[in-house]
Amino acid sequence: DEIGTPFCIVVDFDTLTDNTVTVRDRDSGEQERVKVEDLKNYIKDRI
């Protein structure tokens, strides 16, 4: 990514029902569902 954004966070219809988002790693393309309440620590632990 040109601006160096390491993660993409996807909010979708499932977010409304299970309070999770999909976090995609820019470099590996790996995706993981993460609880919204855990998102800050998830990102913090990876940067």
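The values are calculated or read from the model by the stated rules, or taken from the named source; none is laboratory data. Source: prediction; values computed, not measured. Using ideal geometry, Cβ is built from the backbone for each residue, glycine included, and neighbour counts are taken over all protein chains shown.
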For Leu16, the lone unmet condition from (1) surrounded by 10 or more Cβ atoms within 10 Å (Cβ to Cβ); (2) at negative phi; (3) of a type outside the set (D, E, K, R) is (1)
So, in the range 31-44, exactly how many residues are under 10 Å from the mean Cα position of the chain (by Cα) and under 21 Å from Gly4 (Cα atoms)? 6
Being in contact (Cβ under 8 Å) with a residue 40 or more places away in the chain and either in a loop (DSSP other than H, G, I, E, B) or surrounded by 12 or more Cβ atoms within 10 Å (Cβ to Cβ) (or both) is the filter here, so list the residues in the range 19-47 that pass it. Ile47
Considering only the range 1-13, state which residues are hydrophobic (A, V, I, L, M, F, W, C), modelled with pLDDT of 95 or more and exposed (fewer than 11 other Cβ atoms within 10 Å of the Cβ). Phe13
Being in contact with a strand residue (DSSP E or B) (Cβ under 9 Å, 6 or more places away or on another chain) and among the β-branched types (Val, Ile, Thr) is the filter here; which residues of the chain pass it? Ile9, Val10, Val11, Thr15, Thr20, Val21, Thr22, Val23, Val34, Val36, Ile43, Ile47
Leu16 being part of a helix (DSSP H, G or I) and under 8 Å from the mean Cα position of the chain (by Cα): no
